[in-house]
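Read the structure below first, then the notes.
The values are calculated or read from the model by the stated rules, or taken from the named source; none is laboratory data. Everything quoted here is computed from the prediction, not taken from an experiment. A quick note on method: Cβ atoms are made from the backbone with ideal geometry, for glycine too, and the neighbour counts reach across all protein chains shown. Note: accessible area is taken over every heavy atom of the protein model, side chains too, but ligands, DNA and RNA are not part of it. Shrake-Rupley method; radii C 1.70, N 1.55, O 1.52, S 1.80 Å.
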Amino acid sequence: MTHDHDLVLRPTEAQMSAALNPPPGRNGGDLVVETLAGLGATTVFGLPGQHALGMFDALRRSDLRYIGLRVENNAGFAADAYGRVTGEAAPLLLSTGPGALTSLAALQEAAAASAPILAISSQVPTAGLGGGRHGYLHELPDQAASFRGVVKSVHTVRAQSQIPSAIEAAWKSALTAPHGPVWVEIPQDVLLAETSIPVVTGGDAFPEELPPRPELTAVAADLLSRAARPAIIAGGGVVRADASGKLRRLAETLQAPVVTTPGGKGAFPWTHPLSLQSWIEDRHTTDFLEDADVLLVVGSGLGELSSNYHTFKPRGRVVQIEADLGKLESNHPALGIHADARLALQALLETVSPRQDTEAPERVREVLTRVADRIAAQELTLEQQVLASVRAALPADSPSFWDMTILAYWAWSAFDAKGPNHMHSAQGSGGLGYGFPAALGAAVADPTRPVLAVSGDGGALYSIAELATARQYDLNVTWLIVDDGGYGILREYMTDAFGETTATELTRPDYVALAESFGVPGVRTTPETLSDDLSKALGAPGPSVVVLPAVLRMFAATHLGE
């Protein structure tokens, strides 16, 4: 009797020949790049360092495309965006100690946003592993410990024979829902030593699926089918799972209004009759969701931003579909379904009964009208004009990447992404410097369409060095820098809280001249000319910078009460 687990794939003649006659001059680094290629990787990001030179030397003998950034954290942001756009695990090659640690903020954002990154770092020589103080350059007592609280999984290699399996396991971990960053570290001597191990010719690291439990989806389908006022909150998990089509079908079947979180931008059509858009940071929307007798939350943990700063208190039954087990029922009691959003929505589509509710679109219009009236009463014409100009200039199928800046906070609520996986921001972990290097990664992933990056001047100063990267690889990214001379949102927070500001004001370089010094064309614009200037920049090939000197204000928060 033959069992499936007894079957062994026989190597082809070409594979046998390659195994028996490996080319000379290969080292441990070759095993790294061969494994990546075998898994289907075509592009790697990173920054070389002394301990990682064996890995970088091997790139010269491979067909992998290398995109080198100027700061490890920015390389991580670029890999993050590449992973979000392609759905692949983007390899990120780093060196030991300072190089590795500099990537931590980017890996935290990737973890918060479920972006797949395969970070591969060098380590001190094998003799230095284990916490002894040998005095190696870049030595840490336990480098992996710095990453365990950030990434999904950590894989430490101690011998060349472990490299293919460790990288395959990490790849599988990164792409199993929820997606996320993973960490592999390989000692310097393992990377540099000549190897007689055969050329790695393939990889088998298909991620595990995460289907819902059928008894739970049966209960959820019954609740939703019998609901009088169902509503849906769609989070980033819908986008990551490529499930926006299934979400729309379910919403239309149930006649359930849908609001998207900042991470779920584009998961539901902006102008659909059932679309509450993204005004989740608004009391009128929060009140509407609290009034739902059955609330379906898909791909969101209902964290701080997605719950209007934890003021959201649902009164009805909550059904939560979430791939991250730690987020399941972490903020609200619910019928918790631990599953990939795509598989769970498909299960609901197969089991719910259609609802008839001709009044749902009218209730949606009433909420959006109240929201619009609230914003209109605050005299924020400039902010709305600037956001509308950006939307008018950006092609509908172009992705945008937003830093932590006031215009981005507006965009979370008020910007039509025009489709799933089109708008991305650093709202997962909230760190500065994301927008421009992430846009570079997206341009590497798809050079056929222009990419927009949006930063404030504070965030822009984190990423100025990457103008050299944009020019070196001629990446099709337009960078809009809103220059208000400081950390604008912190200026508002401190003024509101303390009546005055501290440490929020910044010396203003000439960003146009700075861009031109890198060989990148730049233009200074105004709110009136922004749409035209941005359109021209996006329409021209290669990188460009558009600088808008403007002081923007946030709309009033509703989570603090009247």
- Item | Degrees, to the nearest 10: 435-445 long Cα axis against longest axis of the chain | 60
- Message: Rounded to the nearest 5, what % of DSSP beta bridges with both residues in the chain are antiparallel?
- Response: 5
- Note on the structure: Karplus-derived 3J(HN,Hα) from phi for the stretch 261-270 (6.51 cos²θ - 1.76 cosθ + 1.60, θ = phi - 60°), whole Hz, x at Gly and Pro, runs 7, x, x, x, 3, x, 5, 9, x, 4
- Task: Using only the Cα atoms of the stretch 407-557, build the gyration tensor, take square roots of its eigenvalues as a ≥ b ≥ c, and label the shape rounded, prolate or oblate: rounded if a/c is under 1.5, else prolate if a/b is larger than b/c, else oblate.
- Result: prolate
- Can you check what the Kirkwood hydrodynamic radius comes to for the stretch 45-174, Cα pairs only, in Å to one decimal? 14.9
- Message: Using only DSSP helix segments of four residues or longer, with each worth -39500 (n - 2.57), what per-residue ellipticity at 222 nm results for the chain after dividing by its residue count and rounding to 500?
- Response: -10500 deg cm²/dmol
- Point-to-point label distance, Arg449-Glu209, nm (Cα→Cβ direction, 7 Å offset): 2.8
- Item | Heavy atoms of Ser62: accessible area, 1.4 Å probe, square angstrom to 10 | 30
- For Tyr409, Tyr66, the accessible-area ranking with a 1.4 Å probe, largest leading, is Tyr66, Tyr409
- Determine the share of the stretch 218-332's accessible area contributed by carbon and sulfur atoms, expressed in whole percent, with a 1.4 angstrom probe. 46
- Query: What residues have an amide H closer than 5 Å to that of Ala453, excluding those fewer than 5 places away on the same chain, when H is modeled at 1.01 Å from N in the peptide plane?
  - Reply: Phe401, Thr478, Trp479, Leu480
- What's the extension gain from Ala372 to Ala503 if we count 0.36 nm per residue and subtract their Cα-Cα distance? 43.7 nm
- Taking Cα atoms, how many degrees apart are the long axis of helix 488-498 and the longest axis of the chain, rounded to 10 and kept between 0 and 90? 60
- Using alpha-carbon positions, what is the distance between the centroids of the stretch 317-359 and the stretch 501-556, in Å? 42
- Quick one, what does Rg over Rh come out to for the stretch 26-112 if you take C-alpha atoms and the Kirkwood Rh? 0.95
- Would you mind estimating how fast the stretch 226-314 diffuses translationally, via Stokes-Einstein at 20 °C and 1.002 mPa s with the Kirkwood radius over Cα pairs, in µm²/s? 170
- Whenever you get a sec, line up Leu305, Leu276 from highest to lowest accessible area (probe 1.4 Å, protein heavy atoms). Leu305, Leu276
- Item | Mean separation of Cα contacts under 8 Å, 6 or more apart, over the residue count of the stretch 423-542: relative contact order % | 24
- Task: Search the structure for amide H atoms under 5 Å from the amide H of Thr43, placed 1.01 Å from N in the peptide plane, and list their residues when 5 or more places away or on another chain.
- Result: Arg65
- Query: Could you give the accessible area per residue of the chain, probe 1.4 Å, as a whole number in Å²?
  - Reply: 40
- Task: Please report the relative contact order for the chain, taking Cα pairs under 8 Å with a sequence separation of at least 6, and give it as a percent rounded to a whole number.
- Result: 13
- Query: Roughly how many percent of the accessible protein surface of the stretch 370-475 is carbon and sulfur, given a 1.4 Å probe and a whole-percent answer?
  - Reply: 51
- Message: Run the numbers for Leu349 and Thr156: contour at 0.36 nm per residue of separation, minus the present Cα-Cα distance, in nm.
- Response: 65.2 nm
- Message: Compute the helix-to-body angle for 28-38: its Cα long axis versus the longest principal axis of the chain, expressed 0 to 90° and rounded to tens.
- Response: 50
- Task: With 22 Å as the limit, write out which pairs from Lys313/Lys418; Lys152/Lys172; Lys265/Lys327 have Cα-Cα distances beyond it, or answer none.
- Result: Lys313/Lys418
- Estimated FRET transfer efficiency when R0 is 45 angstrom, pair Asn21-Ala465 (beta carbons, to 0.05): 0.55
